[in-house]
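Derivation of every value follows stated rules applied to the coordinates shown; laboratory data play no part. From a predicted model like this one, the values you see are computed outputs, not experimental measurements. Backbone-built Cβ (ideal geometry, glycine too); neighbour counts: all protein chains shown.
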Amino acid sequence: MNVLTLINKFADENKIEYGICGAEDFEYLRKDFERAAVNFAGFIGSDTEKRIYPKLTLQNAASIIVLAKSYYKKYSFSNDQNLRANISMGAVGTDYHMEMKKLFEGIGNILEKFGAKYAAFSDTGPLCDRAVAERSKLGFRGKNGCIVTPKSGSAVFLGYIITDLKLKNTNNHYDGCKDCRKCIDACPTGALSDNGFDYRKCISYLTQVKRVLSFEEMKSIGFELYGCDRCQRVCRGTNNKFEEINDIEKCRPLIKDILKMSNREFKGKFGGTAMGWRGANIIKRNAICALLKYGNDEAINLAEVMTESESKLLRQTAIRALILLNNGNISTFLSEYIKEEKDKDILKDLEILEEKWDTGTQED
């Protein structure tokens, strides 16, 4: 059997979709990459040249094999009355980087049989996953900015293999989203619109960015602990096979349990998942934000406990949450924390917030 026959057989056996394209440069995306390096610092690589030229990663690169594996999951459980927050489908279970690694090894073994060299990446590689996916005709870029494949929709993990073996390019044809706007209608913050994608409003982005969130951002996160599935769940392909989750703790953990975790406990429970990389404090910050959707006494009590956290980020977030949860005598409320707080940056922030609440310009 030839190499393409073996790759196709492997893809069928492992229920993945793939596309193949040439390893020519991506010079036409230079300006996009330069903007992204600034806007998404900490999320993507800053070496623009490596993002443009595959041969800087693998000498004599000739082809790129792009893989897509569905992560669509169906949740089958009854919600209870406890205070919980959501983990997005892609972050439930084993870290997808490990899943993609197994797929890379399988295709890598095939390539090595034909004397080829290769380099494989998923999400953390030098090239833009979506750009190579588009070029390979694996799928098309949907209105939600994600790659949409015919079988799996947009809920797919992407990975690619650069090889020095020259392979025949795939030549699929897709009609695109046409008049469909399900993802736009499903987006709760307006991050998706007919004008494109505003990452600053995207809940998935907000749950990962490392900073104190504004009041509006805190409220927009809703119940999301990590990521957001709205635009993915409504974008379905023809594949009706998916993983079913019936354990609520896997995808909707208790907020109180998240907030009391030590860093070691967090790493032990979530270190092997896709959200483990962001660390305990960012996930705890999001858990505090989720308390706003409940607004009951338990939510207030949990936020009050977090005002005593050793983490500056969590103290500041908890105080902001309490401001939103307690719409009573805000001035007196803030004054108490101003007296107790020692951190200069938080004190400055509280004083500014106090002035804004007194003047009726609450949003920061």
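Fewest Cβ neighbours within 10 Å first, please rank T124, T207, T273 accordingly.
T124, T273, T207
Sum up the charges of everything whose Cβ sits under 9 Å from the Cβ of A290, counting Lys and Arg as +1 and Asp and Glu as -1, but leave A290 out.
Around A290, the charge tally is +1.
Given a 10 angstrom Cα cut-off, can you work out which residue in L206, L322, L334 is the most mobile in a GNM of the chain?
L334
Among the aspartates and glutamates, select those whose C-alpha is under 14 Å from the C-alpha of K269, and discard any that sit fewer than 8 residues away in the same chain.
The reachable aspartates and glutamates, counting only those whose Cα sits under 14 Å from K269, are D95, E249, D257.
Taking the chain as a Gaussian network, Cα atoms linked when under 10 Å apart, which of I248, I288, I203 shows the biggest mean-square fluctuation?
I248
Does the range 3-163 come out rounded, prolate or oblate by the C-alpha gyration tensor, with a ≥ b ≥ c the root eigenvalues, rounded set by a/c under 1.5 and, if not, prolate when a/b is larger than b/c and oblate if not? Mind showing how you got there, number by number?
Working: a/c = 2.04, a/b = 1.30, b/c = 1.58.
It comes out oblate by the Cα gyration axes.
If I require 30 Å or longer along the helix axis, counting alpha carbons, and a Kyte-Doolittle average no lower than 1.6, what helices from the chain are left? Use full DSSP H segments.
Helix filter hits for the chain: none.
Net charge near V305: determine it from the other residues with C-beta under 12 Å of the C-beta of V305, scoring Lys and Arg +1 and Asp and Glu -1.
+1
Starting with the fewest neighbours, write out R135, R181 ranked by other beta-carbon atoms found within 10 Å of each beta-carbon. The partial results should precede the final answer.
On the way: R135 21, R181 15.
Lowest to highest Cβ neighbour count: R181, R135.
Taking 0.36 nm per intervening residue step and subtracting the Cα-Cα distance, what contour gain separates H97 from N2 on full extension?
31.4 nm
State, to one decimal in nm, how far the label point of F77 lies from the label point of K15, with both points 7 Å from Cα in the Cβ direction.
About 2.0 nm separates the two model spin labels.
When the C-alpha atoms of the range 182-359 are aligned to their principal axes, what extent does each axis show, in angstrom, from largest down?
The Cα atoms of the range 182-359 stretch 59, 41, 27 Å along their principal axes.
Distance in nm between label sites at N195 and E298, each 7 Å beyond Cα in the beta-carbon direction?
Inter-label distance under the simple model: 4.1 nm.
By counting other Cβ atoms within 10 Å of each Cβ, how are Y28, Y71 ranked from fewest to most?
Lowest count first: Y28, Y71.
When the chain is treated as a GNM, springs tying every alpha-carbon pair under 10 Å, which of L111, L56, L225 comes out with the largest mean-square fluctuation?
Most flexible of the set in this elastic network: L56.
For A186, what is the net charge nearby, where nearby means another residue's Cβ is under 10 Å from its Cβ and Lys, Arg count +1, Asp, Glu -1?
Working: positive: R181, K182, R230, R233; negative: D185, D229.
With Lys, Arg at +1 and Asp, Glu at -1, the net is +2.
Evaluate E = 1/(1 + (r/R0)^6) for K166 and Y28, where r is the Cβ-Cβ distance and R0 equals 25 Å; express this FRET efficiency to the nearest 0.05.
Working from the Cβ atoms, E equals 0.70.
How much length would be gained if the chain were fully extended between E351 and T124, taking 0.36 nm per residue of separation minus their Cα-Cα distance, in nm to one decimal?
The E351-T124 span can extend by a further 77.7 nm.
How many nm is it between the label spots at K312 and K269, if each spot is 7 Å from the Cα in line with the beta carbon?
2.7
List the lysines whose alpha-carbon lies under 30 Å from that of K342, not counting same-chain residues fewer than 8 positions away?
K210, K219, K256, K260, K267, K284, K293, K312, K356
Please work out how much length the chain gains when fully extended from R211 to K256, using 0.36 nm per residue of separation minus the C-alpha to C-alpha distance, in nm with one decimal. Before the final figure, lay out the partial values.
Numbers: separation 45, 0.36 × 45 = 16.20 nm, distance 2.17 nm.
Result: 14.0 nm gained on full extension.
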